[in-house]
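The values are calculated or read from the model by the stated rules, or taken from the named source; none is laboratory data. For clarity, every value in this text was computed on a predicted model and none was experimentally measured. Methodologically, a virtual Cβ is constructed for each residue, glycine included, from the backbone with ideal geometry; neighbour enumeration extends over all protein chains shown.
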Amino acid sequence: MADNSNLDIASVQLKNKLTVLVVEYMQMIRFCHKTALSAIGVDSIEVDNGEEALDLYRSGAKFDLIIMDMDMPRMEGIRTTVLLRGIGVCDKILE
């Protein structure tokens with residue numbers, strides 16, 4: 001078994017570049033997601049509500065994964081997910 005005791009998260013490199021959409025109301029949590037994703041070589045776009053996420057997809061944006069806040073003031077996560085699915089978005093969504 002390999003010894004991973006010296007494995008540093010920043011040294012993990014992804015073979016294929018991924019892009020993640022972070023839909024999160026709280027600015028500090030958006031920053032934490034962006035920092036963690038960047039450390040492992042993942043590009044991210046951050047928005048603070050579901051309406052902005054829908055606008056991105058309607059404008060043709062594509063993502064490999066969506067990290068969705070469940071409790072946002074303008075449009076909560078479940079409603080956003082239902083609307084994204086309704087316009088044909090099949091990306092994985094972590095709620």
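Taken over the stretch 30-73, residues that are β-branched (Val, Ile, Thr), more than 14 Å from Leu84 (Cβ to Cβ) and surrounded by 13 or more Cβ atoms within 10 Å (Cβ to Cβ) amount to 3. Could you list, in sequence order, the residues of the stretch 38-69 that are under 9 Å from the mean Cα position of the chain (by Cα) and among the hydrophobic types (A, V, I, L, M, F, W, C)? If the condition is that a residue be under 9 Å from the mean Cα position of the chain (by Cα) and among the hydrophobic types (A, V, I, L, M, F, W, C), then Ile45, Phe63, Leu65, Ile66, Ile67, Met68 are the ones that fit. It is to be established whether one or more residues within the stretch 18-32 are at pLDDT below 95 and not β-branched (Val, Ile, Thr). Looking through the stretch 18-32, at least one residue is at pLDDT below 95 and not β-branched (Val, Ile, Thr).
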